[in-house]
Amino acid sequence: MAAGYAWFLVLGSVFLCNLMKTFLSTLSSLLSKMIQKDAEQESEMRTEIQGMKMEQSSISMMDEFAKYARLERKINKTTDKLKTHVKSRTAQQAKVKWVVNIVFYIAQAALMVSLIWKYYSDPVTVVPSRWIAPVERLVAFPTGVPGGVGITCWLVVCNKVVTISKLL
Amino acid sequence: MDTGGDTSEEATGSSTMSAAQRRAEMRRRKLLLNSEDRLNRIVGFAKNGSDNNGTKAQPNRCRAQRVDIIMSRRASRRPAEPRFHLDLDRTEPWSPSSSSQRPSPFLPESSALSSLSHTATPERRGSPLPDCSEPPPAVEDDVGALRQRLKGERAPSDNISGSPRRGLQNYLSRFDDAMKLRGQLASEKPTQDGGVETEEFDPFRVFRLVGSILLAVFVRMFVCKYLSIFAPFLTLELAYMGLSKYFPKVEKKTKTTVLTAALLLSGIPAEVINRSMDTYRRMGDVFSDLCLYFFTFVLCHELLLLCGSETP
């Protein structure tokens, strides 16, 4: 009637989902780094701006105003370019994060639905019904097996236990 | 004759002044009649304000008095700039009934009266209460004490409805509440977006969880053959209720969420919301204990079956 390790399978699935949720942000940042190919360009621009600023600080504005002004214009131009680059990178990162989250939640929902579908009529484990009186029918939902622990009850219990263990 | 004409003018002037003085004196007497009652209410509500927030014994005039207190104090410093004080924890709409009965310090009549009669001056200058023997309370203490007191008040005698001033004050106070709640929500959103909320370490909570685990193991080993597993659990929860007072209480910060903000703006008192949230939190604790207990029980059962040491 009940698979021997169904309870362990459900517990493992819930644990895995919660673990994945913890590492979602790391995963999305890794993916965005892989997708973005011009990350070096940004660091080059930063280095260039830094070099120009150092050069500008060594120039006297009174003595070489024209050179100073040219350098200032270059710095401003490169800074604007860098800002645009950073803005587009941030937007892309947000998009990747959003996609990763959506995919994760769809996968999690699919996993839960498949578990419920599989164990709809089979309890994950069976105990003597007098042990879990008077709520044996509620615990056994939706299997209807006396003394059985239904998939919904077990999913709720596992979710709660994993949440508590995360807090501790 | 001139002296006769002057005498008649003086008589008219003195009769006008005395009529104005008479009116001022009548108002002052009327206020003095209720001064003791008002003072008792203030002092009484300052003591009982934290305990009896839900009582509706006090009239709505005190709200208007508080407005007058603040306005008169600030008028002494900046008479050209009236100020309104808005109560975040207010639950009832403002009633300007008694404030409308009292003359505003900014009206020319009252200023003329104050310049003319010395008896009216203390009322307008520094002391909001007509009884000058008592020192006027600090504004901030008034605000803090009266805030607690004015929740759920309704004066049976205040039946003024449709007053545009009350509607405007009501609108302003609601708007102020909404702005403050919006600010609180905005400040709490970054902490919630950060992921799992870090809760303060609660030793009682850890004690409950460990107790549930140990009881589940004990029940699986020795008790489950004889009675239902939920009976020991209920006994344990009753024991926890009694033991909770022996553990240090951890102050849980009440978070402003969209739900609590909506409930506050709909007029539900903050105390009711806090009590409901507290009850909900306690139910959540019991549910957590139950889930952990049942999980441990099933785990022990499966491990014992795996070991083959016992058949159910």
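None of the figures in this text is laboratory data; all of them are computed from the coordinates on show. Please read these numbers as outputs of a predicted model, since none were measured by experiment. Here the Cβ is made from the backbone with ideal geometry for all residues, glycine too, and neighbour counts use every protein chain on show.
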Separation in nanometres of the label points that stand 7 Å from Cα toward Cβ, at residue B:168 and residue B:282: 4.6 nm
Added length on full extension, which subtracts the Cα-Cα distance from 0.36 nm per residue, residue A:34 to residue A:83: 15.6 nm
5 angstrom amide H check on residue A:148, placed H, neighbours 5+ away: A:127
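What's the magnitude of the charge dipole for chain A around its Cα centre, counting Lys and Arg as +1 and Asp and Glu as -1 at the beta-carbon? Answer in Debye, nearest 20. Don't skip to the end; give the middle numbers.
Working: 21 positive and 12 negative charges, 54 e Å.
Computed about the Cα centre, the dipole is about 260 debye.
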Separation in nanometres of the label points that stand 7 Å from Cα toward Cβ, at residue A:102 and residue A:47: 3.7 nm
Number of Lys pairs (Cα under 13 Å; 8 or more positions apart or on different chains) in the stretch A:2-119: 7
Within chain A, helix-based [θ] at 222 nm, where runs of 4 or more DSSP H residues each add -39,500 (n - 2.57), nearest 500: -26000 deg cm²/dmol
Modelled FRET efficiency - R0 41 Å, residue B:257 with residue B:207, Cβ distances, 0.05 increments: 0.90
Percentage relative contact order, the stretch A:122-167, counting C-alpha pairs under 8 Å, at least six apart: 36 percent
Protection-proxy order for peptides B:204-213, B:288-297, A:84-93, each taking the mean of Cβ atoms within 10 Å per residue, highest first: B:288-297, B:204-213, A:84-93
Under Karplus coefficients 6.51, -1.76 and 1.60, residue-wise ³J(HN,Hα) of the stretch B:164-170 in Hz, glycine/proline x: x, 5, 5, x, 5, 5, 4
Label point at residue A:111 placed 7 Å out along Cα→Cβ; residues across the stretch A:138-165 whose backbone nitrogen lies under 19 Å: A:151-165
Backbone N under 19 Å from the residue A:73 label point (7 Å along Cα→Cβ), restricted to the stretch A:17-52: A:49, A:52
